[in-house]
Every structure is written in structure tokens, then in C-alpha cells.
Amino acid sequence: MNKRRALVLGGAGFVGSHLCDRLVAKGAEVYAMDNLHTGRLENIEHLRKHPRFSFIEHDVCEPFHLPVDRIYNLACPASPPHYQADPVKTTLTSVLGTLNALRLGIKCRARVLQASTSEVYGDPEVHPQPETYRGAVNPIGPRACYDEGKRCAESLMADFARAHGADIRIARIFNTYGPRMDPGDGRIVSNFIMQALRGEDLTIYGDGSQTRSFCYVDDLIDGIVALMEHPSFTQPVNLGNPEEFSVRELADLVRGLVDTTSSIVFCPLPEDDPKVRKPVTNRALELLGFEPKVPLREGLERTIAYFMTLPDARPRVVSARSLIDARRAKNGSSPTRAASGSGARSYKRALI
Ligand code: NAD
Ligand code: UDP
């Protein structure tokens, strides 16, 4: 690892910034590329003056060139409200970002790791999910821009390997949490912690019986780096914590850890919300020795400690609707007008 020159696409994001930390600590020269769509400069502020770290503001949908030997492609909004706010842009980011990463990989003979997702399994009929399961994704639902974008990215990775000899690694990442999550991005862990800290009711979508498996970010980074450095394995590898919790259980755990007056409020379940999710991690264990070490309670304590350091003037917890309305307001159209607008207009806006 010592002399590696690594490019981290999405390096100012939650996971990307932790990856930059780890690569710098391992002696690599690190370039973080990000358009700051959901990422934040404060995530990498501590690295900005490091002699082996550089930040490049750039949209991965446009080609880029840097002489590197490792490319980690994490550039893509990951929270449902964010990726649904501009769905066409989300698809383009996954597809064009991966294409540009692969083209650079071929030019520089660099290895490319794609941050894929458990969302490629959709609302799974097989539980838990092994890498051999092909998934049940609704290709025209509100989550499709993310799920199908990531599936297409995997397909590009495999085709570049077959047709052009690209050196690829594919990590299928399951729900990950930890410090530097954006407190306003609408994901369950950040929502619940912020709500508990503010004494607001925790918003459970549906009846809270749906399950997720939550991996602490340090454990995920162990897996990502080990996979990138595996000498030969090019098939997808699940990375996540196989312990499974219901949404209701997570709400109770967070309320128990934060001294809060919060109660629980039940809200409508978003369309196509997966009912269960838990990785089979045998492949990661056998190939990489990957075994998550941080139990949920301990990881939550560390994450709560981080959120408690944030100033009060943080963005409020958001829903997909409020993000979409905010985006439309920024683009100069009222929510009502935009809602009745044509698909062509939304598409044009996504390309701008
Ligand atoms: P994040 O939103 O914090 O990070 C994504 C980063 O990509 C942000 O910094 C954002 O500004 C950047 N980005 C988005 N579009 C871009 C573009 N067009 N050009 C350049 N940069 C762009 O999310 P995260 O949780 O850190 O996720 C990182 C990656 O891991 C994503 O690809 C996500 O799909 C994947 N992943 C994350 C999880 C999770 O639970 N955190 C689970 C599965 C997969
Ligand atoms: N969820 C919830 N309340 C919230 C945010 C999310 O009940 O305030 C639920 C959501 O419906 C899903 C699960 O928590 O079932 C995980 O949601 P998240 O957005 O974190 O990630 P997903 O796994 O759906 O991509």
C-alpha cells in the first residue's frame, strides 16, 4: 500500500472521508474528488493541509484524468431522500461516474473498486442475501434510479473486465452508519439520533417490523481496503454486519442511549421499502478475513457522541418530499408547477 496513489470519488462524503483517512494513514497519496452534492468539506477539513492529500471539486459525470493506481468509486448520493430528489442525475452519476472511472482505470492500468449496494437485491425474496442472489428490483419505482443505476454500474464493471481487461473489485455495501453522517440526510440512524437529541418523536415508517443490518463505518472501511488489495477476486463481495434488527428495535435502542423525552410516531411506509435485509458474509470472511467488530450499541454510542458535537443550527431532519421541494425552489419553479412539469424538463434539469 505504501506508495499507492489513490483516487477516492465521493471522497468528501460520509464513507469516502473515512476511506481517505485510512488511505492517508496507510501511506498512500490520496486524491479526493467530489462535487459536494451530498458531501461536505468539513468531513475532510482535517486532511486539507496533509502533504499527501488533495481535494478536487469535480462532477464524475464529466471525464477526469489523474495518474493513479487505485480508484475507489463512491460518488453517488446514498440516502433515499437525496437520491430521489433528482433521480435522473442519480442514475447518470452511477452510470457515467463508473464509466469514467473504468476508462481512467484502463488508461492508467489502475484497479477500480465500485461501491455497490445491497439495493441490487431490491426487496429480496431470499433471506439473508448471498452474492449469488440476483435480486428483486422494481425497475420503474422511486428507488430504481439508485438500485438500477448501481446494477448498471456493476454490469459496466463486468463488461470492462471481460472486454478490456479492466482490473475490478465490487463491494456490495449494506447499511453503514457512524460519525460524519449528514444529520439532515434522512437516513434512519441520523434521523433517529437527531430526533432523540432534540426531544422530537422518532419517525418509524410503516409498523417498524422491516429489518436492516447496520455496519459501523470503521468495519466497512476494513472490508473495502482489504477487497481492493485482494490480488485477484473480481466477483461481487457483500460487506456489512450480519446482525439484523427491526426498525422498531433500533428506535428503542436509540431512545435508550439518548436521555430523551422522545416518543415514537408511525408514518407511511415509503413505496418499495425493502422488508428485510441481511448479508451473507461468508465470502468476505473467507477471502478477506472480514468480520465486523463493533456491536450496534457501541457504534451508536460513538455516533451519538459525534452528533452531540454538532451546532444546534443543523438542517432539520428531512423527508424526500421536502428535499424535492427545496431542489425545485432552488431551480426556480414552484413545487406545484414542477410537479405538473414534463419528464423532458426534469431530464434537462438533471443534465445542467
Ligand atoms: P454520501 O452521500 O455521504 O457520499 C457520496 C459522495 O458522493 C458525496 O460526497 C457526494 O457529494 C458525492 N457525489 C455525488 N454525486 C457526485 C457526482 N456526480 N460527482 C462527484 N461526486 C458526487 O454517501 P455515503 O453513505 O458516504 O455513500 C458512499 C458510497 O457508498 C455511495 O456510492 C453509496 O451508494 C455507497 N453505499 C453506502 C451505503 C451506506 O449505508 N452508507 C450503503 C450501500 C452503498
Ligand atoms: N426509516 C424509518 N424512519 C426514518 C428513516 C427511515 O422508519 O426516519 C426506515 C425506512 O423506511 C427503512 C429503514 O428505516 O425501512 C432504513 O432506511 P434508510 O433510509 O436508512 O436506508 P434504506 O435501507 O432504506 O436504503
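Remark on Ile56: its backbone amide H falls under 5 Å from those of Ala32, Met33, Asp34, a criterion applied only to residues 5 or more positions apart or on other chains, H modelled at 1.01 Å from N. Listed from fewest to most Cβ neighbours within 10 Å, the set Thr98, Thr91, Thr309, Thr234 follows the order Thr309, Thr234, Thr91, Thr98.
Name the GluC sites (Glu not before Pro) in the range 78-169 that are in a loop by DSSP and that have at most 14 other C-beta atoms within 10 Å, would you?
Glu125
The gain in end-to-end length when the Lys107 to Arg198 segment is fully stretched comes to 27.7 nm, 0.36 nm per residue minus the alpha carbon separation. Pairs to check: Lys49/Lys150; Lys107/Lys150; Lys26/Lys293. Give those whose C-alpha atoms are more than 26 Å from each other in this structure. Distance filter (> 26 Å) returns Lys49/Lys150. Across the range 44-55, coupling constants 3J(HN,Hα) worked out from phi with the 6.51/-1.76/1.60 Karplus curve, θ = phi - 60°, read 10, 3, 5, 9, 4, 9, 5, x, 9, 10, 9, 10 Hz, and Gly and Pro carry x.
Residue order for Cys61, Cys145, Cys152, Cys267, fewest other beta carbons within 10 angstrom first, comes to Cys267, Cys152, Cys61, Cys145.
Between Ser263 and Glu125, what FRET efficiency follows from the Cβ-Cβ distance if R0 is 30 Å, with the result rounded to 0.05?
On the way: r = 35 Å, r/R0 = 1.15.
Given R0 = 30 Å and the Cβ-Cβ separation, E is 0.30.
Mind sorting Val30, Val225, Val237 by how few other Cβ atoms lie within 10 Å of their own Cβ, fewest first?
Values: Val30 29, Val225 20, Val237 26.
Placing the least packed residue first, the sequence is Val225, Val237, Val30.
Loop only per DSSP, at most 13 neighbouring Cβ atoms within 10 Å: give me the GluC sites (Glu not before Pro) in the range 162-270, ordered by residue number.
Within the range 162-270, the qualifying GluC sites (Glu not before Pro) (loop, at most 13 other Cβ atoms within 10 Å) are Glu243.
Per-residue extension of 0.36 nm, minus the Cα-Cα distance of Ala163 and Leu66, leaves a gain of 32.6 nm for this segment. Highest mean packing first, where packing is the average number of other Cβ atoms within 10 Å per residue, the peptides 250-257, 301-308 line up as 250-257, 301-308. Of the beta bridges in the chain, as assigned by DSSP with both residues counted there, near 5 percent are antiparallel. One chain, two ends: Asn282 and Arg297. Fully extended at 0.36 nm per residue, the span grows by 3.1 nm beyond their Cα-Cα distance.
The simple spin-label model puts a point 7 Å past each Cα toward its Cβ; for His46 and Glu229 those points are separated by 2.1 nm. By the rule of a C-alpha distance below 18 Å, with chain neighbours fewer than 8 residues away ignored, the aspartates and glutamates paired with Lys275 are Glu119, Asp123, Glu125, Asp147, Asp207, Glu243, Glu244, Glu249. Please list, in order, the residues from the range 119-133 whose amide nitrogen is less than 16 Å from a point placed 7 Å along the Cα→Cβ vector of Asp273. What the label zone holds, given the 16 Å backbone N cut-off, is 123-124.
Taken together, the values in this text are just the output of simple stated rules run on the coordinates, not laboratory data. Quick caveat, the model's predicted, so the values are computed rather than measured. Cβ sites come from the backbone with ideal geometry, for glycine too, and all protein chains shown count toward neighbours.
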